[in-house]
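First the structure, in the form of structure tokens, and then the observations on it.
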Amino acid sequence: MALVPDPASRSALPPFLRACRGLPGGPDDRVPVWFMRQAGRSLPEYRAIRGSGSILDAIRDPELSAEITLQPVRRYGVDAAILYSDIVVPVAAIGFGVDVAPGVGPVVEQPFARREDLERLRPLDPEADTPYVLETVAILAKELPVPLIGFAGAPFTVASYLIEGRPSRTYARTKALMHADPQLWHELMGRLADLAVTSLRSQVGAGAVALQVFDSWAGALSPPDYERFVLPHSRRVFAEVADLDVPRIHFGVGTGELLGLMADAGADVVGVDWRVPLDVARGRVPADRALQGNLDPAICLAPWKVVAEATRDVLARNAGHPGHVFNLGHGVLPETDPSVLERVVELVHAEGRCDGTAPPAPGSDRER
Ligand code: CP3
């Protein structure tokens, strides 16, 4: 870590923001933890207030969305909140014809197929198109006891939904388009990068203090294809929010082979899924980046003893490195028992070290 912070400014930062910056904590500081998809999904209090319409309707209700964002903060004691919204909100708001089908994910009436479809992707005007997002963020900036993470879908992952028309296993149409018509592909990615930048900037303008870019499905690509077809656009997204001076997190699933290239895109924090042990991931990104991850979300369905051991293994592999934001390797699974996540937070707070001192090795006799 190149940075040697002065102790006064260090203690002024909440643990999550300190870790994103890779700054060492004091002896009493804690490893911050939050969970991707912590808002919604497994919480009974979420199901109780969510209603039955499209999630896009719930997102258009600022009071409701703010409450859903707050629920996991209260329940779990996590160190950051993630805005209750979705990666397809900007494209839906400019009228591309996207909805989110319960239990399925984003579905598109008329998928992106040809050059004329670019006209359906006009720029986003956040105040006119997504005023409800700004209002939700503003409510949260006042009410939250922890930092608020704003987010956007990365150009590739959003493009995959627009082109496939629904969630895909192979991304065949997406890959066919990028290889068949690279020029059209780059224009599409350019427009989606603009949408992401505009949306991210507006969220920070309203009060978000960190940003995450979800390139959830980038792991479908080979490194050369990622480098040629995706990296320039994701790099531009990070560059065009750099002046906001908030930590920028970059996450994808199955991206073990892409971690170095993803780090090249410029984020401060690189998200790691559960497939790459954290110590191995550390070797794949430059030393000045923090890591976020990477407990396998499926392990949270196992008995507590197993979850505790896996949690300790993540901490041990991080070995007290100050640049670690504890998280799952992907989103909370809907069937997760919330009390397990509550215990994971307690354990990370109790045993995680962020001052360069490694926690006890997993398997050591510390089970409680
Ligand atoms: O807690 C949070 O993470 C905050 C809110 C959030 C949602 N979506 C709400 C949501 C966030 C950060 C997202 C991002 C998102 N959306 C991603 C990237 C993160 C990831 O998991 O990789 C992706 C790929 C999407 C697209 C999407 N939206 C899918 C695939 C689905 C359906 C499947 C599912 O996960 O249930 C959605 C719907 C969705 N977005 C739900 C929630 C809480 C569940 C459905 C609902 O309550 O209506």
> How many percent of DSSP beta bridges within the chain run antiparallel, rounded to 5?
Replying inline: 15 percent
> Of all the accessible heavy-atom surface of the chain, with the other protein chains kept in place and a 1.4 Å probe, what percent is carbon and sulfur?
Replying inline: 51 percent
> With the dipole of the chain worked out from charges on the C-beta (+1 for Lys and Arg, -1 for Asp and Glu) around the Cα centre, which of 26, 300, 339 lies farthest toward the positive end?
Replying inline: 300
> Counting Lys and Arg as +1 and Asp and Glu as -1, what is the net charge of the other residues whose Cβ lies under 15 Å from the Cβ of residue 170?
Replying inline: +2
> Taking a 1.4 Å probe, which of 233, 349, 250 shows the most accessible area, and what order do the others take after it?
Replying inline: 349, 233, 250
> Taking all pairs of different Cα atoms in segment 124-221, averaging 1/r and flipping that mean, what Kirkwood radius in angstroms comes out?
Replying inline: 14.7 Å
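Within a Cβ distance under 12 Å of residue 328, other residues only, what is the Lys/Arg minus Asp/Glu net charge? Please list the in-between numbers first.
Values: positive: 37, 41; negative: 273, 296.
Net charge around residue 328: 0.
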>> If you fit an axis through the alpha-carbon atoms of helix 304-318 and take the longest principal axis of the Cα set of the chain, what angle between them do you get, 0 to 90°, nearest 10?
In response: 90 degrees
>> Eigenvalues of the Cα gyration tensor times 5, then square-rooted: what semi-axes does that give for the chain, in whole angstrom, largest first?
In response: 32, 23, 20
> Roughly how much of residue 49 is accessible, in Å² to the nearest 10, using a 1.4 Å probe?
Replying inline: 60 Å²
> Tell me, what HN-Hα J-couplings in whole Hz come from the Karplus equation 6.51 cos²θ - 1.76 cosθ + 1.60 at θ = phi - 60° for each residue of segment 142-152, using x for Gly and Pro?
Replying inline: 7, 9, 6, x, 10, x, 9, 9, x, 7, 8
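May I ask you to give the solvent-accessible area per residue for the chain, in square angstrom, as obtained with a 1.4 angstrom probe?
On the way: 14570 Å² over 368 residues.
Using a 1.4 Å probe on heavy atoms only, each residue of the chain averages 40 Å².
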> What is the distance in Å between the Cα centres of segment 270-348 and segment 160-223?
Replying inline: 26 Å
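Give me the dipole magnitude in Debye, nearest 20, for segment 57-122 about the Cα centre, with unit charges on the beta carbon: positive for Lys and Arg, negative for Asp and Glu.
Numbers: 7 positive and 11 negative charges, 34 e Å.
The dipole magnitude comes to about 160 debye.
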> Under a 5 Å amide H to amide H cut-off, with H placed in plane at 1.01 Å, what residues pair with residue 82 once short-range neighbours are removed?
Replying inline: 149
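Percent relative contact order of the chain, based on C-alpha pairs within less than 8 angstrom and at least six residues apart? Walk me through the numbers on the way to the answer.
On the way: 727 pairs, mean separation 75.7, N = 368.
Reported as a whole number, the value is 21 percent.
Calculated from DSSP H runs of 4 or more alone, at -39500 (n - 2.57) each and per residue, what is the 222 nm mean residue ellipticity of the chain, nearest 500?
Rounded to the nearest 500, it is -12500 deg cm²/dmol.
Taking K and R as +1 and D and E as -1, what net charge do the other residues with C-beta under 15 Å from the C-beta of residue 58 add up to? Walk me through the intermediate numbers first.
On the way: positive: 37, 41, 47, 50, 60; negative: 45, 57, 61, 63, 67, 86, 99, 135.
Surrounding charge for residue 58 is -3.
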> Among 319, 253, 100, which residue has its Cα positioned farthest towards the positive end of the charge dipole of the chain, with +1 placed on the Cβ of Lys and Arg, -1 on the Cβ of Asp and Glu, and the dipole taken about the Cα centre?
Replying inline: 319
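The values are calculated or read from the model by the stated rules, or taken from the named source; none is laboratory data. What you see is a predicted model, and the numbers here were worked out from it, not measured in a lab. Please note: Cβ atoms are built from the backbone with ideal geometry, for glycine as well, and neighbour counts cover all protein chains shown. Heads up: the accessible areas ignore ligands, DNA and RNA and are worked out on the full protein's heavy atoms, side chains in. Shrake-Rupley method; radii C 1.70, N 1.55, O 1.52, S 1.80 Å.
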